[in-house]
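What follows is a single structure, written as structure tokens, with notes after it.
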Amino acid sequence: MKLQTSDRKKFRVSNKLKKFAKPGRFRLSVSRSSKNISAQIIDDKKSVTILSASSIEKDIKTLNKKNKTELSKIVAEKLAKKAQEMKITKIYFDRGIYKYHGRVKIFADTLRKNGMEF
């Protein structure tokens, strides 16, 4: 079975992260669509999602957002706040099939400003 280009990209990035993962660090997986962005912190050892944040959630959807970049900042701030409550500061950033550019880069920079290390 031949994999599509997007699947190959996703496996390539995720497997590199999993190969060098240290215990005590979790993986932050980002996914975006043309209108929304979501992220989740995953424990790969147990295969469990610990935290998640999305622009589809009610409290974020009710905010007056001007554009998608501001939406990325809001979701990143919410995820960082949840992570600090659970005392998670060190993570691996899994960008998936997306380039580290635009909304994904803004998302990562906002996480760094709010105390996350990767």
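The values are calculated or read from the model by the stated rules, or taken from the named source; none is laboratory data. Bear in mind the structure is a predicted one, so any value in this text is a computation, not a measurement. Using ideal geometry, Cβ is built from the backbone for each residue, glycine included, and neighbour counts are taken over all protein chains shown.
Annotations for the structure displayed:
- Within region 64-72, none of the residues are in contact (Cβ under 8 Å) with a residue 24 or more places away in the chain, loosely packed, with under 12 Cβ neighbours inside 10 Å and more than 15 Å from the chain's Cα centre (by Cα).
- Residues of region 73-88 classified as more than 14 Å from the chain's Cα centre (by Cα) and among the aliphatic types (A, V, I, L, M), total: 1
- Yes/no for D44 being exposed (fewer than 10 other Cβ atoms within 10 Å of the Cβ) and either closer than 21 Å to M116 by Cβ or at pLDDT below 90 (or both): no
- Checked against the criterion of being more than 14 Å from the chain's Cα centre (by Cα), within 19 Å of N114 (Cα to Cα) and aliphatic (A, V, I, L, M), the candidates I56, I60, I50, I91 yield just one match: I60.
- For region 82-93, the tally of residues that are closer than 20 Å to S31 by Cβ and either of a type in the set (D, E) or at pLDDT 95 or above (or both) stands at 2.
- S29 being of a type in the set (S, T, N, Q) and touching a residue at least 40 places away in the same chain (Cβ under 8 Å): yes
- Boolean, A53 is touching a residue at least 24 places away in the same chain (Cβ under 8 Å), more than 22 Å from K22 (Cβ to Cβ) and part of a strand (DSSP E or B): yes
- Whichever residue in region 52-67 is at pLDDT below 95 and of a type in the set (A, V, I, L, M) and, among such residues, is nearest to K78 (Cα to Cα): I60
- Positions within region 88-108 being touching a residue at least 12 places away in the same chain (Cβ under 8 Å) and not in a loop (DSSP other than H, G, I, E, B), in sequence order: K90, I91, Y92, F93, D94, R103, V104, I106, F107, A108
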